[in-house]
1. Determine whether V253 is of a type in the set (V, I, T), surrounded by fewer than 24 Cβ atoms within 10 Å (Cβ to Cβ) and within 22 Å of E208 (Cα to Cα).
2. Name every residue in segment 1-21 that is touching a residue at least 24 places away in the same chain (Cβ under 8 Å) and either closer than 21 Å to A266 by Cα or out of contact with any helix residue (DSSP H, G or I) (no Cβ under 8 Å at 6 or more places or on another chain) (or both), in order of residue number.
3. Please work out which residue is most open to solvent (accessible area, probe 1.4 Å), limiting yourself to segment 142-188 and to residues that are touching an Asp or Glu at 6+ places or on another chain (Cβ under 6 Å) and more than 21 Å from E208 (Cβ to Cβ).
4. List the pairs whose first member sits in segment 31-46 and is within 24 Å of G146 (Cβ to Cβ), whose second member is of a type in the set (F, W, Y) and open to solvent by 10 Å² or more (accessible area, probe 1.4 Å), and whose Cβ atoms are under 8 Å apart, counting only residues at least 6 apart or on separate chains?
5. With respect to E296, determine if the residue is free of Cβ contacts under 8 Å to residues at least 24 places away in the same chain and touching a strand residue (DSSP E or B) at 6+ places or on another chain (Cβ under 9 Å).
6. Search segment 303-318 for residues that are in a loop (DSSP other than H, G, I, E, B) and pair each with any residue that is loosely packed, with under 10 Cβ neighbours inside 10 Å and not small (G, A, S) when their beta-carbon atoms are under 9 Å apart and the residues are at least 6 apart or on different chains.
7. Take the conditions touching a residue at least 40 places away in the same chain (Cβ under 8 Å) and of a type in the set (D, E, K, R) and apply them to E83. Does it pass?
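The values are calculated or read from the model by the stated rules, or taken from the named source; none is laboratory data. Computed from a predicted structure; not experimentally measured. Methodologically, a virtual Cβ is constructed for each residue, glycine included, from the backbone with ideal geometry; neighbour enumeration extends over all protein chains shown. Note: accessible area is taken over every heavy atom of the protein model, side chains too, but ligands, DNA and RNA are not part of it. Shrake-Rupley method; radii C 1.70, N 1.55, O 1.52, S 1.80 Å.
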Amino acid sequence: MRDIRVATVQFRHAAGDKAYNFGCIRHFVTEAARARVEMIAFPEMCLTGYWHVRKLARAAFEALAEPVPDGPSTRDLLDLSREHGMTIGAGLLERAPDGGVYDAYVVAMPDGTWAVHRKLHVFEHPNICAGNRYTVFDTPHGCRVGVLICYDNNIVENARATALLGAEILLAPHQTGGCNSVSPRGMKPIDPAVWAHRHEDPAACEAELCGPKGRAWLMRWLPSRAHDNGMFLLFSNGIGPDDDEIRTGNAMVLDPYGDVIAESRALGDDMVVADLDASVLPTSSGRRWLRARRPELYESLTRPTGQEQETRRVRFGE
């Protein structure tokens, strides 16, 4: 890996309005190009909208999806990538050749190549399909990149598997914070009144978004994904109302020691830029620990325990 300047974005998408959402992406890519950014990450399903899809009838849900790479959104991302010489990651619903619909993340690269990750742990709609592979690829910028979408990052094995496939940078697009977790000490909804009065009392709103319903929850575990596996991590997220929940933003870039090197506390759309120092990778704790692994001991990790459940049941306590 070589040194590279990256950016990650938080923005409030419009449900089902791909033209508006792509306009937001174009705006931030243009701003990032002025800052000489080479790679930028946008949130999960930011092109199609996210939380409203759970209420859609099957036909409407499937109509929102597009093929990759031949759909209009992927073509637009590839054009934008070539225009600015920038690798761009953004989330949407993908319609596969067999008709299945996936929560997917497209990464468009300026040489015309592309990658797509299908979310492994899905719950967004009764008819959504789960991905079945990891996504790690080389970029024209001299770095190897992996993608894990939102809930994928909750499962420690996914981050480790991605690192073992050689990922140096992990793109971690989310729509999180403010979720009504079934865990008594998990996330809880953001107070809508605090959000509504964010301009009159920004300190109260920042405290809400950065407390245990948002940033503080992330900081319990997100840095460990970077630290334990020796990867840079680009966390992107929604911000503000998303159907009946309020996303908490907190876009951030973490280094392979799990330290936050750039982040946003903005109460609205925002972008953060960071320079990744490739020299810290080889001797980072996680990268060194990977070399001390003893795979012959890990058979139990691939053996079912009988307690496994579909993500939807775990997520909603069904």
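1. no
2. Within segment 1-21, R5, V6, A7, T8, V9, Q10, F11, R12, H13, A14, D17, N21 meet the criteria.
3. Step by step, filter segment 142-188, then rank; the result is R144.
4. I40/F28; F42/F28
5. Criteria not met by E296.
6. E318/Q309
7. Answer is no for this residue.
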